[in-house]
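Shown next, in structure tokens, is the structure this report addresses.
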Amino acid sequence: MTRPELLDHILREDLGFFLQKAFGTVVQGDSYEPNWHLDAITHHLEEVMAGRIRRLIITVPPRSGKSLCASVAFPAWMLGRDPTKRIICVSYAQELSSKLSNQTRQLMRAPWYQRVFPDTRLGGAKNTESEFETTRGGFRMATSVGGVLTGRGGHVIILDDPIKPADAMSESVRTGTNEWYDMTLLSRLDNKTEGAIILVMQRLHVDDLAGHLLDRGGWTHLNLPAIAETDQIIPIAPCKVHRRRTGELLHPEREPMAVLDELKRALGSFTFAAQYQQEPVPAGGNMFNLAWFPRYSEGLSPGAYGDDEVYQSWDTASKGGELNDYSVCTTWLVRRGAYYLLDVFRERLGYPELRRKVIELNQRWRPNGVLIEDKASGEQLVQDLRNNGDVFAIPVQPKGDKLVRADSQAACVEGGRVLLPERAAWLGEFEKEVLAFPYCRHDDQVDAMSQFLIWTRDELDAGPRIRWLDDDDDY
């Protein structure tokens, strides 16, 4: 066998070698950096092709080559070895699915690929952005979570990032994804006994699809955290393993410890633990930690610095009554990039009492603005206050549910920018709710805090300051 013939033989038989060749075709302007974790991924995918693994979950940090391995190179390699294979590939969005499909098509059209796999050619009735066929009847179909699969089936189903990080804290999105897998996708295997399902993703939540499936059992799990939490023995080839020690980095040449430390500071421990360590934890008691809140001493005087500003953030209940939620007002001092919680008011109030209390607290603190969620009772309240000129009410449109909003500000809190007093009558109840969130009966104080921090980030930090208007001024 000549050297070129030997190289072609290795490309046909070794997915890891094929991946390295594919990288040069699909990825422009970057160089391939071999690492043992890529060997581990390709070895497990080869086991799927051989029929020795039928259910495989690979959890790995972002930008670790998982999509190139599992959604681009592996389908091309499978179709090269067996052009009758029917492959369904799924991602959270059709745009992403189509992009990966186009990369596989690009790879299969490369001259070297056609030389290595002379029996596999694109053709047939379909050759679209989302689906192409081989002349032997095999295909690669790209769809998104929730997409229509009526009448379609395959030998192998590959799920690559079935949920995007921005939606991970939404219970409705997670539930919809898990139910779509259970009720629709699982039934699309042509052969339930021999067909294979592969899930590759970064962990995002304890109840993401990986968590949902792992709880059921029956899956081979290749778990690759950015920093090893325990010693691991990881198969990377037939009869070969990588012995990973506690503290060992996944790919130190690409992401050394300094880079991971910076990512942890930017993302916050909660998000970093999920996406990079593959260890999502229950949000209660972990989304916020009391150690993240610096303390300030008594006697803090708003206005001591020329650029001091005070804002109030209200979370209003729809109606009063012992069984209903509280209405909460948090009062904040903004000083040089830090946020000092000055006061928390929390009480069950009917609408007339709520309106009077907003005016009373406004007169006590004289804030630059009062944030009120623009829905339910808050919508009417904003209109009443503005019409009567009593309060400079700022309507706030919430985006996402309470959990999503709170999670978006976890890194800000962990960064030490939110300060609490050393002592206050309301402090114990505030701390108890923050630690229990979201597994607490009431979450109004956390929601008022999140509303203020989000508005400050999106509005106050981005534009000119709002000043308090004197009694003689018009709003």
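The values are calculated or read from the model by the stated rules, or taken from the named source; none is laboratory data. Computed from a prediction, not measured in an experiment: that's the story for all the values here. Positions of Cβ are backbone-derived with ideal geometry, glycine not excepted, and every protein chain shown enters the neighbour counts.
Observations on the model:
- Residue among ARG203, ARG265 that alone is in contact (Cβ under 8 Å) with a residue 60 or more places away in the chain, touching a Gly at 6+ places or on another chain (Cβ under 8 Å) and not in a loop (DSSP other than H, G, I, E, B): ARG265
- Identity of the residue in region 83-109, without any contact (Cβ under 8 Å) to a residue 24 or more places away in the chain and more than 24 Å from ARG12 (Cα to Cα), that ends up surrounded by the most Cβ atoms within 10 Å (Cβ to Cβ): LYS99
- For region 146-161, filtered to residues that are modelled with pLDDT of 95 or more and either among the hydrophobic types (A, V, I, L, M, F, W, C) or out of contact with any Asp or Glu (no Cβ under 8 Å at 6 or more places or on another chain) (or both), the residue that is farthest from ALA73 (Cα to Cα) is ASP161.
- Pairs with Cβ under 7 Å, 6+ apart, first in region 445-469 and assigned by TED's automatic domain parsing to the domain that holds ARG405 and modelled with pLDDT of 60 or more, second assigned to a loop (DSSP other than H, G, I, E, B) and not small (Gly, Ala, Ser): VAL446/PHE437; SER450/GLN409; LEU453/GLN409; ILE454/GLN409
To keep it simple, each residue is scored yes or no on (1) at pLDDT below 90; (2) closer than 25 Å to ALA424 by Cβ; (3) within 32 Å of the chain's Cα centre (by Cα).
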| position | (1), (2), (3) |
| --- | --- |
| ASP325 | yes, yes, yes |
| CYS329 | no, yes, yes |
| TYR351 | yes, no, no |
| LEU354 | no, yes, no |
| ALA376 | yes, no, yes |
| GLY389 | yes, no, no |
| PRO395 | no, no, yes |
| PRO398 | yes, no, yes |
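- Any hit, region 133-143, residues being at pLDDT 90 or above and at positive phi: yes
- Filtered by the rule that a residue be of a type in the set (A, V, I, L, M), surrounded by 15 or more Cβ atoms within 10 Å (Cβ to Cβ) and not in a loop (DSSP other than H, G, I, E, B), region 158-192 gives ILE158, LEU159, VAL173, LEU185, LEU189.
- Of all residues in region 69-109, exactly one satisfies the criterion of being under 24 Å from ARG54 (Cβ atoms), basic (Lys, Arg) and either in a helix (DSSP H, G or I) or modelled with pLDDT under 95 (or both), namely ARG81.
- Region 110-132 - residue that is among the small types (Gly, Ala, Ser) and surrounded by 14 or more Cβ atoms within 10 Å (Cβ to Cβ) and, of those, modelled with the lowest pLDDT: GLY124
- Comparison of ARG63, ARG52 shows that the only residue that is modelled with pLDDT under 95, basic (Lys, Arg) and either part of a loop (DSSP other than H, G, I, E, B) or exposed (fewer than 15 other Cβ atoms within 10 Å of the Cβ) (or both) is ARG63.
- Residues in region 128-157 that are in contact (Cβ under 8 Å) with a residue 12 or more places away in the chain and part of a strand (DSSP E or B): GLU131, PHE132, THR134, PHE139, ARG140, MET141, ALA142, THR143, SER144, GLY154, VAL156, ILE157.
- Qualifying residue in region 188-196 (condition: touching a residue at least 60 places away in the same chain (Cβ under 8 Å), in contact with a helix residue (DSSP H, G or I) (Cβ under 6 Å, 6 or more places away or on another chain) and in the same structural domain as HIS37 (by TED's automatic domain parsing)): yes
- Of the residues making up region 1-33, those that are surrounded by 13 or more Cβ atoms within 10 Å (Cβ to Cβ) and assigned to a loop (DSSP other than H, G, I, E, B) are ASP14, VAL27, TYR32.
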